[in-house]
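Read the structure below first, then the notes.
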Amino acid sequence: MGRGNVLVLTGAGVSRESGIATFRDAGGVWEGVDPMQVATPRAFAADPKFVWRFYDARRAHAASAQPNPAHRAIAAIEATGRPFLLATQNVDGLHERAGSKKLVRLHGSLWRVRCTACAAEHEDLRPKLEPLPPHCTVCGAMLRPAVVWFEEPLPMIEFGRAQFAAREAELVLVVGTSSLVYPAASLQMAALESGAYVVEINPETTSFSAEANEHLAGPAGVVLPALLLAAGIPMEQVV
């Protein structure tokens, strides 16, 4: 893998290997629910308790899942000490539980809540929040999940860090993402334009496959450990 800057971009496919389906997948959390009913500011304003019930179910589902070999392999790359950043679209916290520390959460986190009035934000690791909807301990207003909903922009600081890493990267791994969700999907194109070697790891071809320098077909939990083995990077060093 060399010693240059590494950027890893991850999407839902990585967590799917831990049994976490998105709410649009067959068999996913609340199968059949329109995302626009649970993942927009307007939906929350119309029925906050309904939205919170959905996110409480997602939190409980994520809490019962375990990091898989792909999560641990990404943490092992970081543990080598090379310049590294993980930019994830996943909100479930499995990367952190696998040992990743140098990361930006492009779509927020299931495990953080934000006040709708004073904007105070904090971590809450309880699998279920009661009563619903929860309220701010600072001002008493209603809390919302600190995730990025449809119709909302990405967090500027986090996305800016990811853009900088894309421009500086020597190697970019695009893992388990459809490359359809923008602006997150613009990062790998920016890396290509800056001269990075971009490898897509996905069981299926995507809209980005033809652009990538290399497409490795297969589950991330199989492909990434094999890459680390070939590069002589031990996964066992990650706790």
So S207 and E123, fully extended at 0.36 nm per residue minus their Cα-Cα distance, gain in nm 26.7 nm
Based on the alpha-carbon gyration tensor of region 48-94, what equivalent-ellipsoid semi-axes (square roots of 5 times the eigenvalues) come out, in whole Å, largest first?
-> 30, 12, 6
Using only alpha carbon pairs under 8 Å that are at least six residues apart, calculate the relative contact order of the chain and give it in whole percent.
-> 24 percent
So what's the angle, to the nearest 10 degrees on a 0 to 90 scale, between helix 69-79 and the longest Cα principal axis of the chain?
-> 70 degrees
What residue among A21, A166, A60 has the largest mean-square fluctuation in a Gaussian network model of the chain, using Cα springs under 10 Å?
-> A60
With 0.36 nm assigned to each residue of separation and the Cα-Cα distance removed, F164 to K102 gains 20.9 nm
Short version: ³J(HN,Hα) in whole Hz for each residue of region 114-127, in order, from phi by Karplus 6.51 cos²θ - 1.76 cosθ + 1.60 (θ = phi - 60°), x for Gly and Pro, what are they?
-> 9, 6, 6, 10, 8, 6, 4, 10, 8, 7, 9, 8, 5, x
Distance between modelled label sites at R82 and S64, nm, 7 Å Cα→Cβ extension = 3.8 nm
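At a Förster distance of 35 Å, what's the computed FRET efficiency of V181 paired with T137, Cβ-Cβ distance as r, to 0.05?
Using R0 = 35 Å, I get an efficiency of 0.60.
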Chymotrypsin sites (Phe, Trp or Tyr not before Pro) lying in DSSP loop within region 109-211, provided at most 14 other Cβ fall within 10 Å = F150
Residues meeting the amide H criterion for V174 (H placed from the backbone, H to H distance under 5 Å, 5 or more places apart or on another chain) are L9, V199, E200, I201
Which residue, chosen from C136, T116, W149, occupies the Cα position most advanced towards the positive end of the dipole of the chain, where the dipole is computed from +1 (Lys, Arg) and -1 (Asp, Glu) charges on Cβ about the Cα centre?
-> C136
Just the C-alpha atoms of region 114-213: what Rg/Rh do they give, with Rh taken as the Kirkwood radius?
-> 1.13
Taking 0.36 nm per intervening residue step and subtracting the Cα-Cα distance, what contour gain separates I157 from M189 on full extension?
-> 9.6 nm
Go ahead and estimate [θ] at 222 nm for the chain from helices alone: -39,500 (n - 2.57) per DSSP H run with n ≥ 4, summed, over the residue count, rounded to 500.
-> -9500 deg cm²/dmol
Distance in nm between L229 and K49 label points, each 7 Å along Cα→Cβ, equals 5.3 nm
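Each value in this text was obtained by applying a stated rule to the coordinates, not by laboratory testing. From a predicted model like this one, the values you see are computed outputs, not experimental measurements. Heads up, the Cβs are rebuilt from the backbone with ideal geometry, glycines too, and the neighbour counts pull from every protein chain shown.
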